[in-house]
Amino acid sequence: MLASTSLNVGSLGGLVLNAPTHYSHKSLLFPATKSLPLLTFPTKLSGTTAWKSATSVKTAVAAVDSSDPTEKEQEQTEKKRYYFVVANAKFMLDEEEHFKELLFERLRNYEERNIEQDFWLVIEPKFLDKFPNTTKRLKRPAVALVSTNGTWITYMKLRLDRVLQESYEADSIEEALASNPVDLAFEKPEKWTAPYSKYEFGWWESFLPSKTSKV
Amino acid sequence: MAAEMALVKPISKFSSTIPRIGNSRLPCTRIFSIKMSSTTQSQPATVAKKKKGGKKEINESLLTPRFYTTDFDEMEQLFNTEINKNLNMAEFEALLQEFKTDFNQTHFVRNKEFKEAADKMEGPLRQIFVEFLERSCTAEFSGFLLYKELGRRLKKTNPIVAEIFSLMSRDEARHAGFLNKGLSDFNLALDLGFLTKARKYTFFKPKFIFYATYLSEKIGYWRYITIYRHLKENPDYQCYPIFKYFENWCQDENRHGDFFSALMKAQPQFLNDWKAKLWSRFFCLSVYVTMYLNDCQRTDFYEGIGLNTKEFDMHVIIETNRTTARIFPAVPDVENPEFKRKLDRMVEINQQLLAVGQTQDIPLVKNLKRIPLISALASELLAAYLMKPIESGSVDLAEFEPQLVY
């Protein structure tokens, strides 16, 4: 570690200054002791506890007795598991611009490969009522990213980090993605110093359930 | 693009450092003795562009981003699922699915605009672009080599992590190849096989590979997306079509960064003590300062594409820092105006240092003149390092999580 420490410092110094120098404050900056092997990590990682299986999730359940074949076909319900990450709307739709890029990238990929869309943005979702522990930590209005692909939601949790992750079952997609009406408005950022303008308000509309053909 | 793990050399694909510090950074002093070769030909046609270009000269002219290597045995230990039975694999499995999807499989397809744009470029702008392509290609290629080797070495002990490394090396190879084809527009090509053998490798322990590579990937994302979005709104500055590919391209960089996040979260001892905080701040500062100083020496490039170099850099630094605060346990307070003031003072001192190098003085006199400047720079750096940091980290690990409102 010491060796690489001086390497770093020396190289930076060399880079910037062209001088074979070691800063006198090195010991201040770089503790040279090894990590204690006893300092191990916490075994519980919150946010991943809801996670059960890494593989995909479709669970179709025939809910009715199959005595009458026509009736069976009609009343067969498909109970699916939906996975989501949720946070306040400002975070999800206004601040995290890379989130918009990821969603459009995924949509493009689905279109290129003719894959049916399996992810949606739900503004103020009704299913949140089932999660009092989540909602009490949530600023409102809230926005959830919902998908039947739980593995992907785990990835999105890794990317977004400041989101809560859960899952639920629903009988139909309409039930799964139902939302309460709410008007969104985001204050303009105090100072916008980027050499480009923000993504347009409303970019998320193509991901709302009402806009997708299947719902 | 593990390539530009700052500290040492360039930080991001465009920013490149001075191969020999103290003398001019301008391309005009450099001899482009890039070896001509074509990756498509079976015979490596290695003809130096300048006829005098012997091996030594080639090495010098290619001395741009560094190549990295690490302690592969320690890496094997860290991610051995037999030894670490509690290793949280869910995030790796999720990442593997993303990398397997291969979003940019068909993205890197060239068209005739490239050659046409290159032919139109003349004089200094042409040289700036050649330099940019060359360094970027080397940087991507260096990432390819490191990830490829990690993919190979971890195959037995952790096939999932190994496969992700291999898929990331796929991305890097694709990026490097695309940039190398860009060089062909300027009738040049990097001989990557030769580079692999001829370049020196810099060693970093795994812990430092994680910090440095994470930052390198995330800062790469922010640089690319910023340039892309700026040029989309200001198409007049779009002087070479490669920038049009940046939007999709930089999503790869961002995902690579996510993978290093997951690697660190799986090894929380690299994130959860006071030493981790000191190292985190050190790596952030080194990466930001290196980029700022480098880019401020290459304002021609940024102004050439319509950007204000310092504003561009500050934007990238602030955004990268916000992103990094999702995983590093502490980050510098780069949004404090004092931070930028310190950076600007460092730029001034660095310019004085460069000026000393360009004088006709004998080496001893030069070195004497450098001493006060070096100490001034060192104290600015130290002062920046000691500025009150921001406590940060992933909510999966951070102590402040229970107070957080989502």
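Buried area at the B:A interface is about 6700 square angstrom, summed over both chains, from accessible surfaces computed with a 1.4 angstrom probe. Computed from Cα atoms alone, the Kirkwood hydrodynamic radius reported for region B:70-134 is 16.7 Å.
Comparing the full protein assembly with the isolated chain (1.4 Å probe, heavy atoms, ligands and nucleic acids excluded), the residues of region B:232-258 losing at least 20 square angstrom of accessible area are B:Glu233, B:Glu247, B:Asn248, B:Gln251, B:Asn254, B:Arg255, B:Asp258. The dipole here belongs to region B:365-406: it is taken about the Cα centre, uses +1 on the Cβ of Lys and Arg and -1 on the Cβ of Asp and Glu, and is about 700 debye.
Apply the a/c threshold of 1.5 to the C-alpha gyration tensor of region A:82-198 and tell me whether it is rounded, prolate or oblate. Oblate, since a/c reaches 1.5 and b/c is not below a/b. Derived scalar couplings between HN and Hα for region B:158-175 equal 8, x, 6, 4, 4, 5, 4, 4, 5, 5, 5, 5, 4, 4, 5, 5, 4, 4 Hz in order, rounded to whole Hz, by the Karplus curve 6.51 cos²θ - 1.76 cosθ + 1.60 (θ = phi - 60°), x for Gly and Pro. Entry comment: accessible area of region B:147-245 is 33 Å² per residue, from protein heavy atoms only and a probe of 1.4 Å. Stretching B:Gln360 away from B:Arg152 to a fully extended chain increases their span by 69.8 nm, per 0.36 nm per residue minus the current alpha-carbon distance.
Take the alpha carbon atoms of region B:148-215, find their radius of gyration, then divide it by 2.2 N^0.38 Å using N residues; give the quotient.
Details: Rg = 14.7 Å, N = 68, 2.2 N^0.38 = 10.9 Å.
Against the empirical 2.2 N^0.38 Å value, I get 1.34 for region B:148-215.
When the Debye formula is applied to the Cα atoms of region B:176-250, each taken as the same point scatterer, what base-10 log of I(q)/I(0) results at q = 0.11, 0.14, 0.25 Å⁻¹? These q points yield log10 I(q)/I(0) values of -0.44, -0.68, -1.09. Pairs of Cα atoms nearer than 8 Å and 6+ residues apart set the relative contact order; for region B:308-406 it is 42 percent. The alpha carbon centroids of region B:150-177 and region A:171-185 are separated by 40 Å. In whole percents, the pair-distance distribution calculated for region B:132-260 from its alpha-carbon pairs, binned every 10 Å from zero, is 12, 40, 34, 12, 2, 0. Considering all C-alpha pairs of region B:353-406, those separated by over 16 Å amount to 63%. Backbone geometry of region B:389-406 corresponds, through the Karplus equation with coefficients 6.51, -1.76 and 1.60 at θ = phi - 60°, to 3J(HN,Hα) couplings of x, 10, 5, 8, x, 5, 5, 6, 10, 5, 5, 7, 3, x, 8, 6, 9, 8 Hz, x marking Gly and Pro. With 0.36 nm allotted per residue and the present C-alpha distance subtracted, the B:Lys388-B:Ala376 stretch has 2.3 nm of extension available. Taking amide hydrogens as placed 1.01 Å from N in the peptide plane, the amide H of A:Ser179 sits under 5 Å from those of A:Lys126, each at least 5 positions away in sequence or on another chain. Computed across region B:268-375, the Kirkwood hydrodynamic radius from all distinct Cα-Cα pairs reaches 15.7 Å. A Förster radius of 30 Å, combined with the Cβ-Cβ distance separating B:Leu368 from B:Phe203, puts the computed FRET efficiency at roughly 0.35.
Take region B:257-335 with all the other protein chains still there, run a 1.4 Å probe, and you get 21 Å² of accessible area per residue.
Kirkwood analysis of the Cα pair distances in region B:197-294 returns a hydrodynamic radius of 15.3 Å.
Annotation: amide H-H contacts under 5 Å for B:Thr69 (H modelled 1.01 Å from N, sequence separation of 5 or more, or interchain): B:Thr202, B:Phe203, B:Phe204.
Take each residue of peptide B:262-271, count the partner chain Cβ atoms within 10 Å of its Cβ, and average: the result is 3.
The values are calculated or read from the model by the stated rules, or taken from the named source; none is laboratory data. In this text, all values refer to a predicted model and were calculated from it rather than measured experimentally. We place every Cβ from the backbone using ideal geometry, glycine too, and count neighbours over all the protein chains shown. Just the protein is used for accessible areas: all its heavy atoms, side chains included, with ligands, DNA and RNA removed. Shrake-Rupley method; radii C 1.70, N 1.55, O 1.52, S 1.80 Å.
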